[in-house]
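The values are calculated or read from the model by the stated rules, or taken from the named source; none is laboratory data. Computed from a predicted model, the values in this text were never measured in an experiment. Cβ placement follows ideal geometry from the backbone for every residue including glycine, while neighbour counts extend to all protein chains displayed.
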Amino acid sequence: MNAPRIVLIDDHALCRNGLADLLRARGGMEVLAAVADPDELLAAVRAHHPDLAVLDLRLPQTDGLTLLRRMRAEGLDTPALILTMSDSENDLSAALRAGVRGYLLKDMEPEDIVKSIGNAARGELTVAPAMTVKLANLLQGGGRVDARRGALASLTEREREILEHLARGESNKTIARALDISHDTVKLHVRHILSKLNLSSRVEAAVFAVEARAAESR
């Protein structure tokens, strides 16, 4: 398997360079760019089409989610992960709505950050353990789990099967191999699942599946 190819942005040189060194030395990853300037990050994404962009949420010139929206406006579909000090539920919610692949906290153990970034670069979903309760709260807020539990009935048997794989944090490629279907077919099913359940990201779908399963067992 090829080494994951990463670009990252952080305005603090110590954090930026330290993370790049960790990803190379402990994660075996190829860090294509470690920058402080948003325009440099965008240029690196355009030039290299990396497997993952690691974005700081708070930057002097902008914020990570605005930077992600700029990427998408340019047609750049590189997956993004937020690495931040913010454990705010509002920030987590905004990141999920923006479609990030992961949300990690800078106070996690370094080896856990490296492992999680590597997993995200390989297509898995990842959220800091300290944020999982808040993520569940977002889904439960306003009776959303109860409302969406009924929407499960609208899913086809195949869509429910894929939702279970999403709950295990599996990538589209892994799901395609497990079900012996094409990668594009999985992507189409995932879009249908998100639409039917009124969800905005795979991370939300994964947590919703776990929460709905737990609610059914009560």
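Yes/no per residue for (1) surrounded by fewer than 21 Cβ atoms within 10 Å (Cβ to Cβ); (2) on the phi > 0 side of the Ramachandran plot:
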| position | (1), (2) |
| --- | --- |
| ASN2 | yes, no |
| LEU8 | no, no |
| ASP11 | yes, no |
| CYS15 | yes, no |
| ASP21 | yes, no |
| ARG24 | yes, no |
| ALA34 | no, no |
| ALA43 | yes, no |
| HIS49 | yes, yes |
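Selection of the stretch 77-123 for residues being of a type in the set (Lys, Arg) and at pLDDT below 90 yields ARG97, ARG101, ARG122. Taking the stretch 166-193 as the search range and keeping residues that are without any contact (Cβ under 8 Å) to a residue 12 or more places away in the chain and among the aliphatic types (A, V, I, L, M), which one is surrounded by the fewest Cβ atoms within 10 Å (Cβ to Cβ)? Only one residue fits best here, namely LEU188. Candidates are the residues of the stretch 51-60 that are touching a Pro at 6+ places or on another chain (Cβ under 8 Å) and more than 18 Å from ALA94 (Cβ to Cβ); the one that is surrounded by the fewest Cβ atoms within 10 Å (Cβ to Cβ) is ASP51. When you scan the stretch 81-100, do you find a residue that is farther than 24 Å from PHE208 by Cα and crowded, with 17+ Cβ neighbours inside 10 Å, even just one? Checked against the condition, which is being farther than 24 Å from PHE208 by Cα and crowded, with 17+ Cβ neighbours inside 10 Å, the stretch 81-100 yields no hits at all. Counting the residues of the stretch 20-31 that are over 20 Å from the mean Cα position of the chain (by Cα) and over 18 Å from ASP112 (Cβ atoms) gives 0.
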